[in-house]
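**Q** Here it is, the structure in full.
The values are calculated or read from the model by the stated rules, or taken from the named source; none is laboratory data. Note that the coordinates shown come from a computational prediction; the quantities given were computed from them, not determined experimentally. Positions of Cβ are backbone-derived with ideal geometry, glycine not excepted, and every protein chain shown enters the neighbour counts.
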Amino acid sequence: MIRILMVVLLTFVRPSLSLIHLNPLTFKLLTKTPSLGVNLNFSFISTSNSKFLNLYYRNICNLSSTLRDSNTTTELDPLRKYDRNSCKLIIKSGVGGSESFDWCRILTEMYKKFISHYEPPDSDDNFPSSLRLKEVDVCPGSTGGFRRVEFDVIGDYAYRLLKGENGTHRLIRNSPFNSENKRQTSFGSVQVVPILSDTDEEVVNFKKNRQLLKKDLIIESMRSSGKGGQNVNKVETAGNLLFLKSIFTKSTIDIFVLVRVYHKPTGLSVKVQQERTNTQNREIAIRMLTKLVDQHYLKKLNEKVNEIKGEDLVGTWGSHIRTYTLNPEQRVKDHRTNFETSKATNVLNGDLLPFILTYLNSNV
């Protein structure tokens, strides 16, 4: 909040109209959120009237208290509610053959070293106390290195710590795979996806919805005669079915009971008439319907996970969040925060915390 206030104040002391540049989340928070009860227009501010300064100052003070409401930040950043979760780290090579596969390997080793040597910062409690890495999948490149690597990072607040790494990472170096040792550019993508826990809304709803409740079921029974029960008659009550069964016990005519179970919340239904009794067919139908309902809600859960995961990132010019330059000079720069260091070797050996903290501090 102090950072926002300083930007506003610095703008006012300029002699002309000025445009305030804020990160997208902050700008949306200030201008587009009805729940704040403050309608601020930060596009242009005039210094001709000092009353504007007092007005915006009061609004900023009111805003700082409103921002403490976690619902406000969750409204703007829906994934923030997963901050406390563990996460998946998925690293993919871009186009470029051997050089790209090797860059994927280097990125993988960088994150492994960061996780294995991680120590929590003292400034905030909302960081993992420790991290543990679990390898899930490794797809090697055709000429060495990796095409794709996926592993789980286990620990409270692991997603909050690593979510800023999500994006395209660019490497510039003299390629050892080039016969003339020319400088080449390679891309690799990093996806950071929260791992849903048992307490997350999506999982709770999945477990709740998959249960078949009597109030959600419509069970119909119909009698059918003939071999295999080809002729299905009207819906019968259980009493009528038992009566019919007693009549035809010694008859050559077979009575087959068709049971239809309908699940109202999903619209799914199952018909069964493979057994001779209502009870047997009903049990089979409910078992079959249970599997269908499970599949239905599991599909919805997977759709939600894919929505959280977002689109697959493809490394291209202009889409990268960070550049690692090894030749002709060593430099690593984050293009979102402009934070950079000349100690590229240290960064590739896992010294990522300064970049991570700078990114987290740059967002509301």
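**Q** Within segment 136-153, is even one residue among the small types (Gly, Ala, Ser), surrounded by 16 or more Cβ atoms within 10 Å (Cβ to Cβ) and over 13 Å from residue 91 (Cβ atoms)?
**A** There is no residue in segment 136-153 that is among the small types (Gly, Ala, Ser), surrounded by 16 or more Cβ atoms within 10 Å (Cβ to Cβ) and over 13 Å from residue 91 (Cβ atoms).
Each row is one residue, and each column tells you yes or no for (1) in contact with a Lys or Arg (Cβ under 8 Å, 6 or more places away or on another chain); (2) more than 10 Å from residue 118 (Cβ to Cβ).
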residue: 129; (1), (2): no, no
residue: 135; (1), (2): no, yes
residue: 143; (1), (2): no, yes
residue: 151; (1), (2): yes, yes
residue: 161; (1), (2): no, no
residue: 167; (1), (2): yes, yes
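**Q** If you don't mind, another one. Go over the candidates 114, 146, 127 one by one and state the one that is within 18 Å of residue 352 (Cα to Cα), among the aromatic types (Phe, Trp, Tyr) and either over 20 Å from the mean Cα position of the chain (by Cα) or not assigned by TED's automatic domain parsing to the domain that holds residue 333 (or both).
**A** 114
**Q** Give segment 352-364 a look and list any residue that's modelled with pLDDT of 95 or more and assigned to a loop (DSSP other than H, G, I, E, B), or say none.
**A** Matches in segment 352-364: 352 only.
**Q** Which residues, taken from segment 177-200, are in contact (Cβ under 8 Å) with a residue 12 or more places away in the chain and either surrounded by fewer than 12 Cβ atoms within 10 Å (Cβ to Cβ) or among the small types (Gly, Ala, Ser) (or both)?
**A** 186, 188, 189, 197
**Q** For the structure I just gave you, tell me whether residue 295 is over 26 Å from the mean Cα position of the chain (by Cα) and without any contact (Cβ under 8 Å) to a residue 40 or more places away in the chain.
**A** Criteria not met by residue 295.
**Q** Related question: Condition first: hydroxyl-bearing (Ser, Thr, Tyr), under 21 Å from the mean Cα position of the chain (by Cα) and in the same structural domain as residue 194 (by TED's automatic domain parsing). Can you find one or more residues in segment 315-322 that meet it?
**A** Looking for residues that are hydroxyl-bearing (Ser, Thr, Tyr), under 21 Å from the mean Cα position of the chain (by Cα) and in the same structural domain as residue 194 (by TED's automatic domain parsing), one finds at least one in segment 315-322, hence yes.
**Q** Then there is this: For segment 57-108: of the residues being of a type in the set (Ser, Thr, Tyr) and modelled with pLDDT of 60 or more, which is farthest from residue 192 (Cα to Cα)?
**A** Ranking the candidates gives 98 first.
Condition check ((1) at pLDDT 85 or above; (2) closer than 30 Å to residue 82 by Cβ; (3) out of contact with any Phe, Trp or Tyr (no Cβ under 9 Å at 6 or more places or on another chain)) across all residues:
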{"site": "211", "(1), (2), (3)": "yes, yes, yes"}
{"site": "221", "(1), (2), (3)": "yes, no, yes"}
{"site": "231", "(1), (2), (3)": "no, no, yes"}
{"site": "239", "(1), (2), (3)": "no, no, yes"}
{"site": "244", "(1), (2), (3)": "no, no, yes"}
{"site": "248", "(1), (2), (3)": "no, no, yes"}
{"site": "260", "(1), (2), (3)": "yes, no, yes"}
{"site": "271", "(1), (2), (3)": "yes, no, yes"}
{"site": "284", "(1), (2), (3)": "yes, no, yes"}
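**Q** Which condition number in (1) touching a Gly at 6+ places or on another chain (Cβ under 7 Å); (2) among the β-branched types (Val, Ile, Thr); (3) more than 25 Å from residue 334 (Cα to Cα) is the one that residue 199 fails?
**A** Evaluating residue 199 over (1) touching a Gly at 6+ places or on another chain (Cβ under 7 Å); (2) among the β-branched types (Val, Ile, Thr); (3) more than 25 Å from residue 334 (Cα to Cα) leaves (1) as the failure.
**Q** Here is a follow-up. Is there a residue in segment 340-351 that is touching a strand residue (DSSP E or B) at 6+ places or on another chain (Cβ under 6 Å), in a strand (DSSP E or B) and of a type outside the set (Lys, Arg)?
**A** Yes: segment 340-351 contains one or more residues that are touching a strand residue (DSSP E or B) at 6+ places or on another chain (Cβ under 6 Å), in a strand (DSSP E or B) and of a type outside the set (Lys, Arg).
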